[in-house]
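These notes are about the structure you will find just below.
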Amino acid sequence: MAIEALLRIDAGGYANLVVPALLDRCRLADADRRFVTELVYGVTRLRRALDASIDPFLVRDVDARTRAGLRLGTYQLVVLATPPHAAVSSTVEAVGGRSKGLVNAVLRRIATSPPVPTDDASRLSYPDWIVDRLVADLGRDRATAALEAMNGRAVTHMRDDGYVQDPASLAVVAQVGATAGEVVVDVCAAPGGKATALAGSGCSVVAVELHPGRARLLERNRRATGAQRLAVVRADGRSLPLAAGSVDRVLVDAPCSGLGSLRRRPDARWRVDDAAPERLATLQRDLLAQARRILRPGGTLVYSVCTLTATETLGIDRWLSDTMPDLEAQPTMRRLDGSAVVWEPWGRGALVLPTVEGSDGMFVLVLRDVGHRAT
Ligand SMILES: C[S@@+](CC[C@H](N)C(=O)[O-])C[C@H]1O[C@@H](n2cnc3c(N)ncnc32)[C@H](O)[C@@H]1O
């Protein structure tokens, strides 16, 4: 099943859709379901590092199924430290066909002397551009620690209402500071983690989402969590059907390159392209301009993204301070009660790296309208 899943992901399938779909087709014990998921997600994340161990033993490229088998076997040998006799024979059997001999020979050599990749991008298993960019934006130590952390398994936090959410996302909700009776607009709301949590604080939430399928998912999550005073609106956040100056708080949890949540989406690092940060920054600015329009005098605007690029964090911060000088940065909390997530100052906002156990990497900036200064 793991080989089948890897082949589908290689062919363009999304890991978080492919794996559950395959698991649903057969009856495996829970432990086996977890094992398949761990194998497929792990191999998908570490694809490049595994290939760096495999390729020195190949004289020519191999077909997709053989490649998937070799990665799977190498992952078990090198990462899971599965005893070689078990890892090798089970993988050889699973691959089957004419490649059995080759898979057996290569895995045996890797079991005795696994080649160790020397450059960071191969060792950490990311495209060159992600490593280069984060090293430039965060410094080598921070970047390497973040990239290393995102190769681990994602840890989730279950809320009282049953919604599973990342700890850093919950911290962003706290930074919004919504109180009972206020009107809060979440401009990019699906799947609704933050919108449903916000509604829990007694304010009225308008949860906007552009994509119809995702708006339906948001509506399902609204019902599942029993969130009161939460209205789902399908609309483009760049042209909101809301009056100017009408809203107490606006959250722009913007679409972003997602380089802080790669642990959660094992195949995302291979999908996102190097032009994504600039392209998304344009959308982020458009969404913020619209959010600014609907904000009432004295209202609060919160910008957050689950990425770590300077373009989408410090760059947006600078643009906001240049174009909206009447929005004043508010102090962000360093740490929430009971949370392991510690934020560090980043521009006028705050950043958390995905190095804290289980947390995504995120940036948040809280701004308050202090009125148009007389000129
Ligand atoms: C980072 S996700 C939001 C996550 C959500 N706030 C949560 O906590 O569950 C960004 C969302 O914005 C949506 N989106 C993209 N472009 C948009 C637009 N122009 N207007 C509104 N939503 C948009 C995406 O479909 C995606 O669901």
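The values are calculated or read from the model by the stated rules, or taken from the named source; none is laboratory data. Bear in mind that the values here come from a model prediction, so they are computed numbers and not experimental data. No Cβ is skipped: glycine too gets one built from the backbone with ideal geometry, and neighbour counts run over all protein chains shown. Quick note on the areas: whole protein, heavy atoms, side chains included, nothing else; ligands and nucleic acids left out. Shrake-Rupley method; radii C 1.70, N 1.55, O 1.52, S 1.80 Å.
Remark: pairs (first residue in the stretch 294-308, farther than 17 Å from Val173 by Cα; second residue open to solvent by 10 Å² or more (accessible area, probe 1.4 Å) and modelled with pLDDT under 95; Cβ separation under 7 Å; 6+ apart in sequence or on different chains) = Pro297/Gly371.
Starting from residues that are within 15 Å of Ala174 (Cα to Cα) and within 13 Å of the ligand (Cβ to nearest atom), keep the ones in the stretch 241-256 and report whichever is nearest to the chain's Cα centre (by Cα). Per the criteria, the residue is Asp253.
As a summary of the residue check, Leu259 satisfies the conditions (1) of a type outside the set (Asp, Glu); (2) more than 17 Å from Arg153 (Cα to Cα); (3) within 13 Å of the ligand (Cβ to nearest atom) except for the one numbered (2). Residues that are within 30 Å of Met158 (Cβ to Cβ), modelled with pLDDT under 95 and either open to solvent by less than 30 Å² (accessible area, probe 1.4 Å) or touching a helix residue (DSSP H, G or I) at 6+ places or on another chain (Cβ under 7 Å) (or both) do occur in the stretch 318-333, at least one of them. Scanning the stretch 21-34 for residues that are open to solvent by 90 Å² or more (accessible area, probe 1.4 Å) and either part of a helix (DSSP H, G or I) or closer than 20 Å to Arg71 by Cα (or both) returns Asp24, Asp30, Arg34. Among all residue pairs at least 6 apart or on different chains, which show Cβ distances below 9 Å where the first residue, located in the stretch 222-246, is assigned by TED's automatic domain parsing to the domain that holds Leu301 and the second is among the aromatic types (Phe, Trp, Tyr)? From residues that are assigned by TED's automatic domain parsing to the domain that holds Leu301, the pairs are Ala224/Tyr163; Thr225/Tyr163.
Just one of the listed residues (Pro212, Pro167) is free of Cβ contacts under 8 Å to residues at least 24 places away in the same chain and not hydrophobic (A, V, I, L, M, F, W, C), namely Pro212. Among the residues of the stretch 290-299, are any within 15 Å of the ligand (Cβ to nearest atom) and open to solvent by 70 Å² or more (accessible area, probe 1.4 Å)? There is at least one residue in the stretch 290-299 that is within 15 Å of the ligand (Cβ to nearest atom) and open to solvent by 70 Å² or more (accessible area, probe 1.4 Å).
Number of residues in the stretch 219-240 that are within 20 Å of Val176 (Cα to Cα), part of a loop (DSSP other than H, G, I, E, B) and within 25 Å of the chain's Cα centre (by Cα) equals 2.
Counting only helices (runs of 4 or more DSSP H) wholly contained in the stretch 106-218, the ones carrying 2 or more residues that are in contact with a strand residue (DSSP E or B) (Cβ under 8 Å, 6 or more places away or on another chain) and more than 12 Å from the ligand (Cβ to nearest atom) occupy 167-176.
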